[in-house]
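Working notes, structure below.
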Amino acid sequence: MIFDISTISDPALKDQYDRLKKRGESTAGAIQKAYSLPSISIDFDSSSDFNASAGSEGKGYAIRLNSAVPLLIYLVFEKLFSFPTILPEISSTDEPVSDYSVPFIVDPGDINARQEWEIQLTELRSFTARMLADISMTYILLHEFGHVLCGHVEGNKHYNGSSKILELNAMPSTGDFKSSDRNQAWEYDADAVAVTLLMRYVEELMEDIDKNERTKKVFYKGEDTLPHILSLFSVSLFALFSYVRGARYKLNRYSSHPHPMVRSFYIKDMLVKAAEDLWPLNRKSFISLQDERLEEFFLALEELELIDGKRFSEGYMDSINGELSRLRELQACYRESCAEWTWIGWEK
């Protein structure tokens with residue numbers, strides 16, 4: 001059932017949902033025009049599952065996002081930015097504009113796994129949290145567009161017998177390793193498309209720096225503005241993936257998405273490549289800022305028990321590097337699996 005945004009009573013929250021839907025519809029229109037696609041509808045659904053999906057609808061496509069997802073992601077970022085150690089250059093001692101507590105669902109796969117979160121934010125830190133949450137939510141939609149453009153919706157029906165690709169919920173492992181490998185290769189390609197589409201929003205943000213004083217205070221960093229923005233996008237997506245992954249670290253659950261750290265590593269590389277195709281980029285500055293931001297976010301996520309820091313040993317990082325190599329091999333192996341349905345071409 002489609003969720004009616006007009007039923008949201010909080011004006012600020014309703015505005016966030018409206019903006020996300022309009023952004024998705026704008027992107028859908030641009031993609032349809034550029035690639036001569038049939039219709040792509042964008043909506044929130046009111047099901048009980050924490051999920052996002054791309055599927056077929058009549059002669060076109062449908063992208064759906066569970067109505068609870070944006071709210072929970074916004075709360076994750078509000079809580080993260082209540083840590084003064086994240087972007088410490090933004091004052092945390094000014095007068096707070098947000099001061100509340102909420103019983104937060106810390107594992108999206110288990111609605112009973114809750115913690116009482118205290119959130120207190122200054123105006124500028126609240127603005128930053130909303131901006132990065134908005135970009136993270138936009139990324140989820142762009143990833144779904146990636147599945148559509150790559151022909152995965154049709155491929156999923158052909159190979160897996162399903163008309164809908166479900167993203168955020170884990171499922172019990174079936175032991176079908178070939179299907180699992182193919183699905184992981186598809187996720188890698190959908191991320192590659194999403195990162196390319198995300199450059200439009202990087203450009204919009206850089207333009208807004210000249211128009212909006214708050215945007216300038218947060219995202220302007222002189223010659224390092226682009227590396228700064230990319231590093232924030234990168235670590236924000238790591239936070240998103242870490243939260244979505246939930247208890248799947250501990251359970252025998254299957255997800256076609258790679259481990260959050262693996263995914264953030266290759267998306268970091270994708271961000272650099274996509275940005276360098278459009279603008280000059282100081283890689284050294286980007287890596288330095290990325291490392292600094294990642295440490296800030298990592299420590300906060302660990303304190304919130306959204307990641308298990310004990311797992312990140314030297315051996316664990318070696319296994320992540322091995323997984324990156326494996327994913328690239330899977331990408332090369334399975335990219336042609338949806339060749340007859342894809343709307344885009346790939347560079348060799």
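The values are calculated or read from the model by the stated rules, or taken from the named source; none is laboratory data. Quick caveat, the model's predicted, so the values are computed rather than measured. Every residue, glycine as well, gets a Cβ built from its backbone with ideal geometry; the counts of neighbours run over all protein chains shown.
Which residue out of 43, 18 is loosely packed, with under 14 Cβ neighbours inside 10 Å, of a type in the set (D, E, K, R) and either in contact with a helix residue (DSSP H, G or I) (Cβ under 7 Å, 6 or more places away or on another chain) or modelled with pLDDT of 95 or more (or both)?
On the way: 43 fails: loosely packed, with under 14 Cβ neighbours inside 10 Å.
Only one candidate passes the filter, namely 18.
Scan the stretch 202-214 and give yes if some residue there is of a type in the set (Lys, Arg) and under 15 Å from residue 132 (Cα atoms), otherwise no.
Our first condition is that a residue be of a type in the set (Lys, Arg); within the stretch 202-214, this holds for 211, 214.
Narrowing further to those that are under 15 Å from residue 132 (Cα atoms): 214.
Yes, because at least one residue in the stretch 202-214 is of a type in the set (Lys, Arg) and under 15 Å from residue 132 (Cα atoms).
Select from the stretch 85-111 the residues that are under 24 Å from the mean Cα position of the chain (by Cα) and loosely packed, with under 14 Cβ neighbours inside 10 Å and list them in ascending order. Before you say what the answer is, go through the steps one by one.
Kept after step one, since they are under 24 Å from the mean Cα position of the chain (by Cα), are these residues of the stretch 85-111: 85-88, 90, 102-111.
Correct list: 85, 88, 103, 110, 111.
With the structure loaded, tell me whether residue 49 is more than 26 Å from residue 153 (Cα to Cα) and not in a strand (DSSP E or B) or whether it fails that test.
Working: more than 26 Å from residue 153 (Cα to Cα): no; not in a strand (DSSP E or B): yes.
Taking the combined requirement at face value, the residue does not satisfy it.
Closer than 19 Å to residue 64 by Cβ, surrounded by fewer than 23 Cβ atoms within 10 Å (Cβ to Cβ) and either of a type in the set (Val, Ile, Thr) or at pLDDT 95 or above (or both): does that describe residue 154? Write out each step before concluding.
Values: closer than 19 Å to residue 64 by Cβ: yes; surrounded by fewer than 23 Cβ atoms within 10 Å (Cβ to Cβ): yes; either of a type in the set (Val, Ile, Thr) or at pLDDT 95 or above (or both): yes.
It is true that residue 154 is closer than 19 Å to residue 64 by Cβ, surrounded by fewer than 23 Cβ atoms within 10 Å (Cβ to Cβ) and either of a type in the set (Val, Ile, Thr) or at pLDDT 95 or above (or both).
What about residue 323, is it over 30 Å from residue 149 (Cβ atoms), surrounded by 14 or more Cβ atoms within 10 Å (Cβ to Cβ), touching a helix residue (DSSP H, G or I) at 6+ places or on another chain (Cβ under 7 Å) and modelled with pLDDT under 95? Before you say what the answer is, go through the steps one by one.
Details: over 30 Å from residue 149 (Cβ atoms): no; surrounded by 14 or more Cβ atoms within 10 Å (Cβ to Cβ): yes; touching a helix residue (DSSP H, G or I) at 6+ places or on another chain (Cβ under 7 Å): yes; modelled with pLDDT under 95: yes.
No; evaluated as a whole, the condition is false for this residue.
Residues in the stretch 111-164 that are assigned to a helix (DSSP H, G or I), more than 18 Å from residue 341 (Cβ to Cβ) and not hydrophobic (A, V, I, L, M, F, W, C): how many? Working first, answer last.
Within the stretch 111-164, the subset assigned to a helix (DSSP H, G or I) is 123-149, 152-160.
Narrowing further to those that are more than 18 Å from residue 341 (Cβ to Cβ): 123-142.
Filter once more, so that each one left must be not hydrophobic (A, V, I, L, M, F, W, C): 123, 125-126, 128, 130, 134, 136, 138-139.
The qualifying residues number 9.
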